Amino acid sequence: MSGSPALPQYVLTPPAIAAIPVQGSDAMFPVRRIFCVGRNYAEHAIEMGSDPTREPPFYFTKPADAVVINGADMPYPSMTKSLHHEMELVVAIGTGGSNIAVADALKHVWGYCAGLDMTRRDLQNEAKKTGRPWDMGKGFDHSAPMGALMPAGSFDPSKGKIELKVNGKQRQVSDLSKLIWSVPEVIANLSELVALAPGDLIMTGTPENVAAVERGDLLEGYVEGVGEVRTRLV
């Protein structure tokens, strides 16, 4: 029987594809998964009560549709009295693979952006105490505001200022050179645990001085050579 194969029939309307804008383009980068590296700056590890040595990196995830783009407002989430900001460099994977060598890791990067790992700290802390997963502390709706993606080009993710201002006042500031695990090392390590795929995002960790924010606060983040992320809590 000739002809094109029948299109699949879904019992529900498929969800829209989560995506983030690309600098200088009308194109969008489709988001497949969001992986986050925990405690990847020494000073932040210390403030969270951990040893900042180079123990193997660990990861948690956020759903793809947690992204907030184009400077849109972020709704203050339910079930928390302690919403914290965590400013991060985000890596966008363009070419997938497993067991990627550190030396080849940056070849798999499509681009970079500035992002915020918003955290219901009270829920996360309670999960830590009871040995339960962090999902509801980290992977809630609208928990990943993202700036526009900058194509990788010649950008060097081993150095550069990373900063967050809240209502115009500096809250977090550090340098990418202070990452415990570098971007190539994180990509290589994560690719041993899962097969990375085009559209995956990796949030690489936050510097020290994470703190609570409230409704009405304006968050403005910056990564040198990459760009900005902006959102207001409502």
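The values are calculated or read from the model by the stated rules, or taken from the named source; none is laboratory data. Note that the coordinates shown come from a computational prediction; the quantities given were computed from them, not determined experimentally. Glycine gets a Cβ as well: all are built from the backbone with ideal geometry, and neighbour counts include every protein chain shown. Accessible surface is based on the protein model in full, side chains and every heavy atom, while ligands, DNA and RNA are left aside. Shrake-Rupley method; radii C 1.70, N 1.55, O 1.52, S 1.80 Å.
Data overview
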{"read-out": "Residue in the range 171-189 that is closer than 22 Å to Met28 by Cβ, within 16 Å of the chain's Cα centre (by Cα) and modelled with pLDDT of 95 or more present", "value": "no"}
{"read-out": "Complete set of residues in the range 125-141 that are open to solvent by less than 70 Å² (accessible area, probe 1.4 Å), in a helix (DSSP H, G or I) and touching a strand residue (DSSP E or B) at 6+ places or on another chain (Cβ under 8 Å)", "value": "Gly137, Lys138"}
{"read-out": "Residues that are exposed (fewer than 15 other Cβ atoms within 10 Å of the Cβ), on the phi < 0 side of the Ramachandran plot and not in a strand (DSSP E or B), drawn from the range 167-196", "value": "Ser177, Glu192, Leu193, Val194, Ala195"}
{"read-out": "The listed residue being modelled with pLDDT of 95 or more, crowded, with 18+ Cβ neighbours inside 10 Å and either more than 15 Å from the chain's Cα centre (by Cα) or on the phi > 0 side of the Ramachandran plot (or both), out of Ala27, Ala72, Ala105, Ala92", "value": "Ala105"}
{"read-out": "Test result for Ile100, at pLDDT 95 or above, over 17 Å from the mean Cα position of the chain (by Cα) and crowded, with 18+ Cβ neighbours inside 10 Å", "value": "yes"}
{"read-out": "Selected residue (only one of Arg232, Arg215 is more than 18 Å from Ala144 (Cβ to Cβ), open to solvent by 10 Å² or more (accessible area, probe 1.4 Å) and in contact with a Leu (Cβ under 7 Å, 6 or more places away or on another chain))", "value": "Arg215"}
{"read-out": "Scope the range 107-124; condition part of a helix (DSSP H, G or I) and within 11 Å of Ala92 (Cα to Cα); matching residues", "value": "His108"}
{"read-out": "Met203, sole failed condition from (1) touching a helix residue (DSSP H, G or I) at 6+ places or on another chain (Cβ under 8 Å); (2) open to solvent by less than 10 Å² (accessible area, probe 1.4 Å)", "value": "(1)"}
{"read-out": "Output for the range 3-24, where each listed residue is surrounded by 11 or more Cβ atoms within 10 Å (Cβ to Cβ), part of a loop (DSSP other than H, G, I, E, B) and without any contact (Cβ under 8 Å) to a residue 60 or more places away in the chain", "value": "Ile17, Ala18"}
{"read-out": "Failed condition for Asp122, given (1) of a type in the set (Asp, Glu); (2) free of Cβ contacts under 8 Å to residues at least 60 places away in the same chain; (3) surrounded by fewer than 16 Cβ atoms within 10 Å (Cβ to Cβ)", "value": "(3)"}
